[in-house]
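Novice: Before anything else, here's the structure in question.
The values are calculated or read from the model by the stated rules, or taken from the named source; none is laboratory data. Note that this is a predicted model, so its numbers are computed, not measured. Here the Cβ positions follow ideal geometry from the backbone for every residue, glycine too, while neighbour counts run over all protein chains shown. SASA here: full protein model, heavy atoms, side chains in, ligands and nucleic acids out. Shrake-Rupley method; radii C 1.70, N 1.55, O 1.52, S 1.80 Å.
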Amino acid sequence: MLEHLQPLPADKILALVAAFREDPRDDKIDLGVGVYKDASGNTPVMRAVKEAERRILADQTTKAYTGLAGDPAYGAAMRDLVLADSVASERVAAVATPGGTGAIRQALELIRMAAPDATVWLSNPTWPNHPSIIKYLGMKMAEYTYFDSATREVDFAGMMADLDQIAAGDVVLLHGCCHNPTGANLTADQMAQVITLMQNKGAVPLIDIAYQGFGDGLDEDAKITRQIASAFDNCLIAASCSKNFGIYRERTGILMAVAKDSAQQGLAQQTLAYLNRQNYSFPPDHGARVVTTILTDPELRADWEAELEETRMGMLVLRQQLADELKRLTNSDRFDFLAHHRGMFSRLGTTPELVEKLRAEHGIYMVGDSRMNIAGLNAQTVPILAKAIVAAGV
Ligand code: LMR
């Protein structure tokens with residue numbers, strides 16, 4: 001049987017993790033996978049997470065199964081974090097999932113069940129696992145223009161022209177904030193135009209929000225998601241706690257389906273629970289319990305928000321330092337986009353050849369499409385990167 005397997009293409013982000021590990025150079029710089037690193041290069045366990053884990057260890061009396069949708073308290077806490085009061089809770093079906101990827105996968109499976117002929121529209125570019133999962137599930141997909149490689153900002157005219165082609169019932173995948181991989185985001189006015197267009201077309205939004213709190217703040221980053229949830233009869237929201245709680249390996253995510261009314265919500269809830277049962281039965285609980293403990297305890301929540309804010313501000317400082325250093329070295333403002341971008345990533349907008357040159361000659365690892373993880377930098381490595389970017393002729 002196994003002889004019939006075909007070699008599969010490597011995931012380009014994860015392949016980079018392996019290549020970085022194997023590089024013997026001491027001064028190598030990892031700007032690949034989207035993992036936050038502090039100034040000493042560590043990915044710390046957040047203070048509130050440590051405390052929540054301590055409490056769980058002390059107080060937990062059972063490891064018996066939760067429910068197929070996960071602990072209802074987690075669903076409620078996450079609904080509040082992501083959606084606040086933008087939509088009545090009776091309209092929201094939710095299931096805990098293994099990470100944000102699990103939520104995306106379940107969202108796509110739900111779409112495949114409810115609308116097998118729908119095309120899922122993805123930004124070009126998007127997180128590579130989006131098209132990979134869609135292809136694996138055998139679903140229809142199409143791309144809409146998103147990034148202007150000359151300005152390194154959103155090509156809004158191109159995006160609107162492409163979205164004008166969508167058919168009623170098609171699904172449009174949007175990044176809730178901190179676009180991955182580009183770091184370029186729509187303005188509020190542009191987003192309002194996208195919403196109107198999608199409404200006119202009868203599209204269903206699918207929002208991937210994996211970086212809430214990494215861009216402009218917890219509430220600000222959820223604005224688009226909340227706006228969409230309140231503007232459509234139906235939308236799907238895949239949220240991840242990997243980054244904003246720093247619990248990457250705990251696999252903590254949630255899929256929320258906003259339904260038209262409570263009857264439709266009941267059907268969506270039953271279907272989501274069914275999908276969990278088919279794929280892995282009960283979703284992981286530890287990370288979800290940590291998140292619930294933090295979000296429902298005012299003191300822990302305040303500490304978590306404070307540490308997340310420090311993280312966010314740290315990334316903004318690094319963005320500005322890099323933009324300033326490149327301005328100084330090139331005597332031009334062509335890298336100013338780095339300071340405008342938000343979230344963990346910025347797409348430098350250079351060729352795979354120059355990305356390879358940066359790796360081979362300078363030990364700087366970024367994804368082949370020139371996506372850099374800004375959180376992989378620190379005050380010492382910013383000038384090194386800037387110098388290498390200029391030396392490589394980017
Ligand atoms: C990334 O884009 O680097 C992260 O979301 C990690 C991953 O799973 O790809």
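Novice: Only one residue in Val45, Val49, Val35 is part of a loop (DSSP other than H, G, I, E, B), farther than 22 Å from Pro352 by Cβ and at pLDDT 95 or above, so which one is that?
Specialist: Sole residue among the options that is part of a loop (DSSP other than H, G, I, E, B), farther than 22 Å from Pro352 by Cβ and at pLDDT 95 or above: Val45.
Novice: For the stretch 65-102, enumerate the residues that are of a type in the set (Phe, Trp, Tyr) and not in a loop (DSSP other than H, G, I, E, B).
Specialist: Hit for the stretch 65-102 is Tyr74, nothing else.
Novice: When Leu385 is evaluated against the numbered criteria (1) surrounded by fewer than 18 Cβ atoms within 10 Å (Cβ to Cβ); (2) over 22 Å from Val154 (Cα atoms); (3) hydrophobic (A, V, I, L, M, F, W, C), which criterion, by number, is the only one it fails?
Specialist: (1)
Novice: How about the stretch 275-284: which of its residues are more than 16 Å from Met78 (Cβ to Cβ) and touching a residue at least 24 places away in the same chain (Cβ under 8 Å)?
Specialist: Leu275, Arg277, Asn279, Tyr280, Ser281, Phe282
Novice: Scan the stretch 307-323 and report the pairs whose first residue is over 15 Å from Gly343 (Cβ atoms) and whose second residue is open to solvent by 70 Å² or more (accessible area, probe 1.4 Å), with Cβ atoms within less than 7 Å and a gap of 6+ or a chain change.
Specialist: Close Cβ pairs (under 7 Å, with a partner that is open to solvent by 70 Å² or more (accessible area, probe 1.4 Å)) amount to Glu307/Arg47.
Novice: Does Leu122 count as touching a residue at least 12 places away in the same chain (Cβ under 8 Å) and either in a helix (DSSP H, G or I) or more than 29 Å from Ala161 (Cα to Cα) (or both)?
Specialist: no
Novice: What pairs come out if I take residues in the stretch 376-388 that are free of Cβ contacts under 8 Å to residues at least 40 places away in the same chain and pair them with residues that are surrounded by 20 or more Cβ atoms within 10 Å (Cβ to Cβ) whose C-beta lies under 6 Å away, six or more apart or interchain?
Specialist: Ala388/Leu358; Ala388/Ile364
Novice: Which condition number does Ala76 fail, the rest of (1) among the hydrophobic types (A, V, I, L, M, F, W, C); (2) under 22 Å from Leu308 (Cβ atoms); (3) in contact (Cβ under 8 Å) with a residue 40 or more places away in the chain being met?
Specialist: Failing condition for Ala76: (3).
Novice: Conditions: (1) in a helix (DSSP H, G or I); (2) open to solvent by less than 40 Å² (accessible area, probe 1.4 Å). Ser132 meets all but one. Number of the miss?
Specialist: Going through (1) in a helix (DSSP H, G or I); (2) open to solvent by less than 40 Å² (accessible area, probe 1.4 Å) one by one, Ser132 breaks only (2).
Novice: Could you say which residue among Pro98, Pro116 is away from the ligand (no atom under 16 Å from the Cβ), surrounded by fewer than 22 Cβ atoms within 10 Å (Cβ to Cβ) and over 27 Å from Ala184 (Cβ atoms)?
Specialist: Pro116
Novice: Tell me, please, whether a residue that is modelled with pLDDT of 95 or more, assigned by TED's automatic domain parsing to the domain that holds Val35, under 26 Å from His179 (Cα atoms) and within 16 Å of the ligand (Cβ to nearest atom) can be found in the stretch 315-329.
Specialist: yes
Novice: Quick check: anything in the stretch 7-23 among the aromatic types (Phe, Trp, Tyr) and touching a strand residue (DSSP E or B) at 6+ places or on another chain (Cβ under 6 Å)?
Specialist: Yes: the stretch 7-23 contains one or more residues that are among the aromatic types (Phe, Trp, Tyr) and touching a strand residue (DSSP E or B) at 6+ places or on another chain (Cβ under 6 Å).
Novice: Would a scan of the stretch 146-158 turn up a residue that is free of Cβ contacts under 8 Å to residues at least 24 places away in the same chain, surrounded by fewer than 22 Cβ atoms within 10 Å (Cβ to Cβ) and either outside the structural domain of Pro128 (by TED's automatic domain parsing) or within 21 Å of Ile111 (Cβ to Cβ) (or both)?
Specialist: Within the stretch 146-158, none of the residues are free of Cβ contacts under 8 Å to residues at least 24 places away in the same chain, surrounded by fewer than 22 Cβ atoms within 10 Å (Cβ to Cβ) and either outside the structural domain of Pro128 (by TED's automatic domain parsing) or within 21 Å of Ile111 (Cβ to Cβ) (or both).
Novice: On to the next question. Is it true that Val49 is buried (at least 20 other Cβ atoms within 10 Å of the Cβ) and either free of Cβ contacts under 8 Å to residues at least 12 places away in the same chain or more than 16 Å from the ligand (Cβ to nearest atom) (or both)?
Specialist: Criteria met by Val49.
Novice: With respect to Arg289, determine if the residue is away from the ligand (no atom under 16 Å from the Cβ), open to solvent by less than 10 Å² (accessible area, probe 1.4 Å) and among the charged types (D, E, K, R).
Specialist: Considered against the rule, which asks whether it is away from the ligand (no atom under 16 Å from the Cβ), open to solvent by less than 10 Å² (accessible area, probe 1.4 Å) and among the charged types (D, E, K, R), Arg289 comes out as no.
Novice: Shifting gears a bit: Just name the residue that is farthest from the ligand (Cβ to nearest atom) out of those in the stretch 101-112 that are charged (D, E, K, R) and over 14 Å from the mean Cα position of the chain (by Cα).
Specialist: Within the stretch 101-112, the match that is farthest from the ligand (Cβ to nearest atom) is Arg112.
Novice: Going through the stretch 228-263 one residue at a time, which ones are touching a residue at least 12 places away in the same chain (Cβ under 8 Å), more than 27 Å from Val33 (Cα to Cα) and open to solvent by 30 Å² or more (accessible area, probe 1.4 Å)?
Specialist: Result: Ser230, Ala231, Asp233, Asn234, Lys260, Asp261, Ser262.
Novice: Quick one: in the stretch 34-46, of everything that is open to solvent by less than 40 Å² (accessible area, probe 1.4 Å) and among the hydrophobic types (A, V, I, L, M, F, W, C), which residue is farthest from the chain's Cα centre (by Cα)?
Specialist: Residue satisfying both the conditions and the ranking: Met46.
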